[in-house]
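Okay, structure first, notes after.
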Amino acid sequence: MVNLMGLFRSPQNELEKGGTEVEGIRNVCPRCGVSITLSEQEENLNTCPHCGHHFRMSPRERVAYLTDEDTFEELFEEVRGRDVLGFPGYEQKLRNARLASREKEGVLCGVGDIEGEKAALFFMDPSFMMGSMGTAVGEKITRLFEYAAGLSLPVIGYTVSGGARMQEGILSLMQMAKTSAALKRHSDGGNLYISVLTDPTTGGVTASFAMDGDIILAEPDATVGFAGARVIEQTIRKKLPQGFQKAEFLLEHGFVDRIVPRSEQRATLAQLLRLHRKRGDVL
Amino acid sequence: MSAYDKVLLARAKGRPTGLSYIENIFTDFIELHGDRRFADDPAIVGGIARLDDLPVTVLCMEKGSDTKDRVRRNFGSPNPEGYRKALRLMKQAEKFGRPVVCFVDTSGAFCGLGAEERGQGQAIAENLLELSSLRVPVVSVLVGEGGSGGALALAVADRVWILENAIYSVISPEGCASILWKDAKRVRDAAECMKLTAEDMLELGVVEEIFPEEKDPTATYEALAAALREALPQLLALSPQDLLEQRYRRFRQF
């Protein structure tokens, strides 16, 4: 029997409930509780205009904000996950994820310019099985590092991930080794890699390419960690301190270079790219 | 035997732990401690030993021999300093041209407050990165539980072997059942679906070889020693470039 549960998620806002005009449609900010219009939210790069809360953002929205107009070219879109292990329910989950995200897989890869600086880019997708890392995600990111190494391009990677894609079992784990090896080759070629950690970045992605950036940036208040907070609380049988595993916590403990609000990311990334121009590059 | 029976065997108390393999396969073992940054993690044991005449850097996860020892060793769940000690000893092996042999047996990297504060994810990430380009041969043997990233941090190797009753998985079957089906009791189903047995690993190309186990582990120690006597000279004969190219392709296929 085809499982239809989860195929249709409940409406998240007035627009999805059937409204037609974005004007006047409101969301409630989960942090400050203030009601904001969808157009206000979108004008603010999906952040709350009152408290600065960063809502999750789709890869294509990030491309539209970060890259210069008409410079982004998608790569490796043909790579997609499949149910290698015959895991019950996985095919259906993939179909649902494709409907929910309108993407083929959990990461968008390509090349584009940021203020005229060319870079290879990847953006993990929170609406595709919460950015879980399976063979297709690992393959696309690996190919991107190989591609960028071949052309001596910097890589900028936006991470968001609930962790491994359990339905692909050990093959999901192997993606950590595969992506790390490609990243190392790119790095050994003297090429720059900047990772940008967004909410949430956890599990196997934290324990591989998220934490391997030459420079590691994070969005404010993003949850970043290896183990989930609930698992840790169960393990140590203690309440975790406020702010645990937030970007600010990682900054304090020395695991993040800078916290950069979304509105400043384009300028910050462009500045870092310019500072890493290779000698002999045409200015 | 069901996949879950294998899980129980891999976790069984009487099973030889990491140190037994080091002590029974090698001679002249001298343990070296500490990550030079924060602490010494007893969940990972490392040092130098000899396989016949060949000096080898050896590493293992150690779950402990009795209750007191198990508590001291955090039941074989390493903290970041354990992975950093392992990396220090691997880089030392690279400097002196010694091969590295790892025995992997952990339910996973420790999920604790201090582990997160000290960068558990970063420590594992760094090991994966550095192991992918370590210029000496690395052989890893899964001898019990191969628990996710915490196991992989010692298993990015030129040869990965597994014992008959060991397992290797991206998440524990309990974790899988509780996340996917919100029902930790479906652990048997989860173990089956996840494909975590030695045979599964061989079929998926994750390991090169399965080593049989008997009640008396002596035969397994001997078989592993014989296999290392064959594999290490072969790997040492390769140029570092060829060795790294082969290791790259080994993991690139997945």
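Values as computed for the structure displayed
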read-out	value
Average beta-carbon neighbours from other chains, 10 Å sphere, peptide A:151-164	1
Pair B:S239, A:R277: separation of 7 Å Cα→Cβ label points (nm)	3.7 nm
Integer Hz, Karplus 6.51/-1.76/1.60 couplings in order for the range A:108-116, x for Gly and Pro	9, 10, x, 10, x, 9, 10, 6, x
Choice from B:S20, B:S239, B:S172 showing the highest fluctuation, given a GNM over chain B with Cα pairs closer than 10 Å	B:S239
Residue order, fewest to most beta carbons within 10 Å, for A:F55, B:F251, B:F96	B:F96, A:F55, B:F251
The range A:57-275 - Kirkwood radius from inverse mean 1/r over Cα pairs (Å)	17.5 Å
Range of Cα positions in the range B:1-97 per principal axis (Å), largest first	44, 34, 24
For the range A:186-206 and the range A:242-257, distance of Cα centres in Å	16 Å
Total lysine pairs whose alpha carbons fall under 14 Å of each other in the range B:3-245 (8 or more apart, or interchain)	4
Chain B - convex hull of alpha carbons, volume per residue in Å³	125 Å³
Count, lysine Cα pairs under 30 Å in chain A, 8 or more residues apart or across chains	24
For the range B:1-76 and the range A:51-118, distance of Cα centres in Å	42 Å
Ratio Rg/Rh [Cα only; Rh per Kirkwood] for the protein assembly as shown	0.98
Pairwise label distance in nanometres, A:L251 with A:D70, each label 7 Å out on the Cα-Cβ vector	3.8 nm
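Bear in mind these aren't lab numbers, they're just calculated from the coordinates by the rules spelled out. Note that the structure is predicted; figures quoted are calculated from it, not measured. No Cβ is skipped: glycine too gets one built from the backbone with ideal geometry, and neighbour counts run over all protein chains shown.
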